[in-house]
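Structure, as structure tokens:
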Amino acid sequence: MKFMPLFKNKVWGGNRIKSLGFDYSPLPNCGELWALSGVEGNESVVANGFLAENHINELLEIYMGELIGERNYDRFGAEFPLLIKLIDAADKLSIQVHPDDTLAQKRGMENGKTEMWYIIKAGDDAEIVDGFERQVNQDEYRQFLEAGLLERILHVERPLPGDMFFIPAGRVHAIGKDILLAEIQQRSDCTYRIYDYNRPDADGKLRQLHTDEALDAIDFTPTTDGKTHYNYRENETAPLAECPYFTTNLLSLGKPVRKDFSQLDSFVVYLCVEGVAAVNAMNIVVPLHAGECVLVPAVADTVELFPSPKAKLLEVYIDPAQWKGESPSHVHDNDWLASLGGE
């Protein structure tokens, strides 16, 4: 299944998403493209096939474990558990933090937010805020915040295309200007905004800060190297992130490949981040260009991927073994990747 994109105008948003082939007029910019969402009020709508015009959570009520996996359905119920976005930052996003599940549920929210970023494009001066440069405590943190000097104690990275950052709940973070990235996250729109550079919104008002709410959410442990280092070879699966909330792999394809998911009790999402490709599952072929994603249901045992002529895809699923404390399912071993021939 492919889905209709949801476009979000943001005070910091840019227009790079338009260059990928999307039309978000009459919005002046598109800070966020929600490619696949189960967030209430922003559910993604199917764009193709006999299920077109149904939204993702409606399909979950009907197909349940066949769609997302039996154990995943037992855990999440009839709400799709991930939110997958493109973010185009022409200006800095606010410095923020997300609560973990325990704190979020204590405060009446369904869950917290752990996320990851895959950098698609980044300018020469682009920056990522990723935690603290050194150990601080709450009192010291508040002193820097109230003095307008918070940035002095934050850890800053210079991102390059292809870099990946894992942002667990509790880590203070921000996306800098001149960055286009893909974001994989828990289904949650809960954000505690800490600092916003005294920047007005579209109505000329300062955006709300959540100074007190954020205090209990923040992990003050320093980040020495927030960038995730990984190695990959063309036509092989490169693991980027494995956690109880999602598993994300990178596929850099120069020829067709087949993958076997018969041992995985989960849906699989392919998000194209570069080039053009086609996904074949259950005898349905769906084309993808950068910024588009396709959802392969859990009942599909195999998937075939066809780049044209090259493509990069993020492969995303929720492995029940990860949140049950078991050994991860063997789906990204290179043995599962077999050439179908051709160039």
Can you confirm whether region 264-276 contains a residue that is acidic (D, E), modelled with pLDDT of 95 or more and in contact with a Lys or Arg (Cβ under 6 Å, 6 or more places away or on another chain)?
yes
Filtering region 135-160 down to residues that are touching a helix residue (DSSP H, G or I) at 6+ places or on another chain (Cβ under 7 Å) and open to solvent by 30 Å² or more (accessible area, probe 1.4 Å) yields Q138, F144, R152
G69: passes all of (1) open to solvent by 40 Å² or more (accessible area, probe 1.4 Å); (2) of a type in the set (G, A, S); (3) more than 19 Å from the chain's Cα centre (by Cα) but (1)
- Assess whether D23 counts as being acidic (D, E), within 30 Å of A202 (Cα to Cα), part of a loop (DSSP other than H, G, I, E, B) and modelled with pLDDT of 95 or more. yes
Taking first residues from region 53-81 that are more than 21 Å from Q185 (Cβ to Cβ) and second residues anywhere that are of a type in the set (K, R), the pairs with Cβ under 8 Å that are 6 or more apart or on different chains are G65/R71
All-but-one check, Y245 against (1) in contact with a Phe, Trp or Tyr (Cβ under 9 Å, 6 or more places away or on another chain); (2) hydroxyl-bearing (S, T, Y); (3) farther than 19 Å from G38 by Cα; (4) open to solvent by 40 Å² or more (accessible area, probe 1.4 Å), failing number (3)
Only one of (1) open to solvent by less than 10 Å² (accessible area, probe 1.4 Å); (2) small (G, A, S); (3) on the phi < 0 side of the Ramachandran plot; (4) assigned to a loop (DSSP other than H, G, I, E, B) does not apply to G170, and that is (3)
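Here's the yes/no breakdown for (1) under 21 Å from D301 (Cα atoms); (2) over 21 Å from the mean Cα position of the chain (by Cα):
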position	(1), (2)
R193	no, no
A202	no, yes
L209	no, yes
F220	no, yes
K227	no, no
N231	no, no
F246	yes, no
N249	yes, no
Filtering region 27-40 for residues that are without any contact (Cβ under 8 Å) to a residue 60 or more places away in the chain and within 19 Å of the chain's Cα centre (by Cα) leaves a count of 5
The residue from K92, K113, K85 that alone is open to solvent by 20 Å² or more (accessible area, probe 1.4 Å) and in contact (Cβ under 8 Å) with a residue 60 or more places away in the chain is K92
Qualifying residue in region 266-283 (condition: part of a loop (DSSP other than H, G, I, E, B), buried (at least 20 other Cβ atoms within 10 Å of the Cβ) and not small (G, A, S)): yes
Within region 296-325, the residues that are part of a strand (DSSP E or B) and touching a Cys at 6+ places or on another chain (Cβ under 7 Å) are A311, L313
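The values are calculated or read from the model by the stated rules, or taken from the named source; none is laboratory data. These numbers were taken from a predicted model, which means no experiment stands behind them. For neighbour counting, all protein chains shown are included, and Cβ atoms are generated from backbone atoms with ideal geometry for every residue, glycine included. All accessible areas refer to the heavy atoms of the entire protein, side chains included, with ligands and DNA or RNA removed. Shrake-Rupley method; radii C 1.70, N 1.55, O 1.52, S 1.80 Å.
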